[in-house]
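The structure under discussion appears below in the form of structure tokens.
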Amino acid sequence: MAKIYPELSRTFSEYLLIPNLTERECTPDKVNLQTPLAKYKEGEESRIKLNLPFVSAIMQAVSDDQMAIALARLGGLSFIFGSQTIESQAEMVRRVKRYKAGFVVSDVNLDAESTLEDVLRLKKESGHSTMPVTADGSSTGKLLGIVTSRDYRLSRTPLDTKVSEFMTPLSELIYAEDGITLSEANDIIWENKLNQLPLVDKDGNLVSLVFRKDYAEHKENPEELLDSKKRLLVGAGINTRDYKERVPALLEAGADALCIDSSDGFSRWQEDCLRWIRKEYGEDVVVGAGNVVDEEGFRFLADAGADFIKVGIGGGSICVTREQKGIGSGQASAVMIVAEARDRYFEETGYYLPICSDGGIVYDYHMALALAMGADFMMLGRYFARFDESPGRRLVVNGSYVKEYWGEGSDRARNWQRYDDGSAGGKMHFEEGVDSYVPYAGKMQDNLDVSVAKIKATMVSCGSIDINEFQKKARLVAVSPTSIVEGGAHDVIRKEKGQMHQ
């Protein structure tokens, strides 16, 4: 007979935190959210510490180089999706490592044969109105000119008009040679009343753009996650199929951390991958593994050489693994069980292995609960997919702005390296993820600032000023379905926002 666990498998929504005494010196401005990413020995420090306990999911719809740059600048880390060619993933890593604050590599480009129809299509897909025109239509081609919304009139310019006829040509552009500082670039922008300044190399090839509107955003961020050379940190996802080719390429490109991407990490394939990395690179490479939901899975990956372990099966908003295969666990229960296993492992071995809560977070307060229950940091997909910085297209659906969001287990992701039936050329016959939309939420920093403020306020109410203290002091209570309803606005008629007071 199958073993049946007596405890209920619970979600974050089934718990609340009981407040502790808040001392006078315990205020949100004193809360420190720094947290370890990689395994470390007792008495030592982790090789990589996150300044905020957030990493973005290893998904096509979430983590590309633009997301990696934006999140690292705020103190978190992205793991660039691995369901692409080794070459394109490595190039994304390189772009993050080459990034200099304020210098934007153009991701929407045209060639001279492009038409106004192409301009409008790209503007709708990307939200960008400034588009460089290069000889080959790439972000690094020879600069020919720039198209902005001021260069055409929809009522008078035919859609088939070539951009070469209405762009601002290079001869009329003010540009600068690559190598100048951000301060110098901004001086040129302000002195010449420009909206953007293209930077080119000595051969006239486009290198990057500096925008007037980004001036305030490019001041040094004290939470930036930087390596010893003052470059942004970036992670990358790997799989258990082509890791012998992918890992060397990603490390050569500059990846600071790797993570095996799988819905179920309790497997010999992950063990093989981890042991190969340790054999080839020793302890020099930071690599995470997962996902698991119990102590056996945690111990297996810890013993195989993982630096951190992801927790959660089937809890993601677009994940239907539980529905399709009947495996998984409520996320809150999984985090608490694996956190206890991690603490026992630390007592026995003297090595602390951070755990990452992956999935199941719907509301901001769930983030605080995940940390209180023992997670060192969280991996989020839906949360980050809503922002300008994610790769998904922004669309209007039923009158509302949305962004596309699809799972790595969906047919759209075509992640054959992760889902097949083991036969030669075989593929799985069902999906473990869905293709969907999420409400568009604007800039990441605006939203992340609110989420961080809520986490800090919760920690203060629990008398804690860092994550370690929060986990030691946290007191949790399971709540009934009725008390969940009671926790929100109820038995009132809510006013619409902006409604005038009489």
* Asked: Out of all the residues in region 384-402, which are without any contact (Cβ under 8 Å) to a residue 40 or more places away in the chain and buried (at least 18 other Cβ atoms within 10 Å of the Cβ)?
  -> 402
* In region 349-385, what count of residues is obtained for those that are farther than 18 Å from residue 259 by Cβ and of a type in the set (S, T, N, Q)? -> 1
* **Matching residues, region 462-492, being buried (at least 16 other Cβ atoms within 10 Å of the Cβ) and among the hydroxyl-bearing types (Ser, Thr, Tyr)** => 464
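Among the residues that make up region 173-184, is at least one of them over 20 Å from residue 98 (Cα atoms) and of a type in the set (Gly, Ala, Ser)?
no
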* Asked: Does region 357-366 include one or more residues that are open to solvent by less than 10 Å² (accessible area, probe 1.4 Å) and touching a residue at least 12 places away in the same chain (Cβ under 8 Å)?
  -> yes
* Output yes when any residue across region 156-174 is open to solvent by 30 Å² or more (accessible area, probe 1.4 Å) and touching a Lys or Arg at 6+ places or on another chain (Cβ under 6 Å), and no when none is. => no
* Neighbours by Cβ (under 7 Å, 6+ apart or cross-chain): first from region 113-130, under 16 Å from residue 162 (Cα atoms); second aromatic (Phe, Trp, Tyr) and in a loop (DSSP other than H, G, I, E, B) -> 116/152
* **Hits in region 358-412 - residues which are among the hydroxyl-bearing types (Ser, Thr, Tyr), out of contact with any helix residue (DSSP H, G or I) (no Cβ under 7 Å at 6 or more places or on another chain) and closer than 26 Å to residue 478 by Cα** => 363, 383
* **Wholly enclosed helices (runs of 4 or more DSSP H) of region 31-147 bearing at least 2 residues crowded, with 20+ Cβ neighbours inside 10 Å and modelled with pLDDT of 95 or more** => 65-74, 86-98
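Got at least one residue in region 472-489 being part of a helix (DSSP H, G or I), within 26 Å of the chain's Cα centre (by Cα), at pLDDT 95 or above and not acidic (Asp, Glu)?
no
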* Asked: If you check every pair at least six apart or on different chains, which have Cβ atoms under 7 Å apart with a residue in region 160-174 that is more than 16 Å from residue 129 (Cβ to Cβ) first and a residue that is open to solvent by 80 Å² or more (accessible area, probe 1.4 Å) and of a type outside the set (Lys, Arg) second?
  -> 160/117; 162/113
* To do: Given the conditions (1) open to solvent by 50 Å² or more (accessible area, probe 1.4 Å); (2) in a loop (DSSP other than H, G, I, E, B), report the number of the one that residue 184 does not fulfil.
  => (2)
* Lone unmet requirement of (1) modelled with pLDDT under 90; (2) small (Gly, Ala, Ser); (3) outside any loop (DSSP other than H, G, I, E, B) for residue 155 -> (3)
* Only one of these is at pLDDT 95 or above and touching a Cys at 6+ places or on another chain (Cβ under 8 Å): 455, 465. Name it. => 465
* **Failed criterion for residue 6 (all others in (1) under 23 Å from the mean Cα position of the chain (by Cα); (2) within 26 Å of residue 315 (Cα to Cα); (3) surrounded by fewer than 20 Cβ atoms within 10 Å (Cβ to Cβ); (4) not hydrophobic (A, V, I, L, M, F, W, C) hold)** => (1)
* Where a residue in region 329-353 is on the phi > 0 side of the Ramachandran plot and its partner, wherever it lies, is open to solvent by 10 Å² or more (accessible area, probe 1.4 Å) and not in a loop (DSSP other than H, G, I, E, B), with Cβ under 8 Å and at least six apart -> 350/41
* Restricting attention to region 435-471, report how many residues are over 19 Å from residue 49 (Cα atoms) and not in a helix (DSSP H, G or I). => 12
* Being at pLDDT 95 or above, under 30 Å from residue 446 (Cβ atoms) and outside any helix (DSSP H, G or I) is the filter here, so list the residues in region 327-360 that pass it. => 354, 355, 356, 357, 358
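Per-residue answers, yes or no, for (1) of a type in the set (S, T, N, Q); (2) under 18 Å from the mean Cα position of the chain (by Cα); (3) within 24 Å of residue 76 (Cβ to Cβ):
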| site | (1), (2), (3) |
| --- | --- |
| 258 | no, yes, yes |
| 267 | yes, no, no |
| 290 | no, yes, yes |
| 310 | no, yes, yes |
| 324 | yes, no, no |
| 328 | no, no, no |
| 333 | yes, no, no |
| 339 | no, no, yes |
| 344 | no, no, no |
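The values are calculated or read from the model by the stated rules, or taken from the named source; none is laboratory data. Quantities reported herein were computed from a predicted structural model and do not represent experimental measurements. Reconstructed Cβ throughout: ideal geometry from the backbone, glycine too, with neighbour counts over all protein chains shown. Protein only, heavy atoms only, side chains kept; ligands, DNA and RNA dropped before computing areas. Shrake-Rupley method; radii C 1.70, N 1.55, O 1.52, S 1.80 Å.
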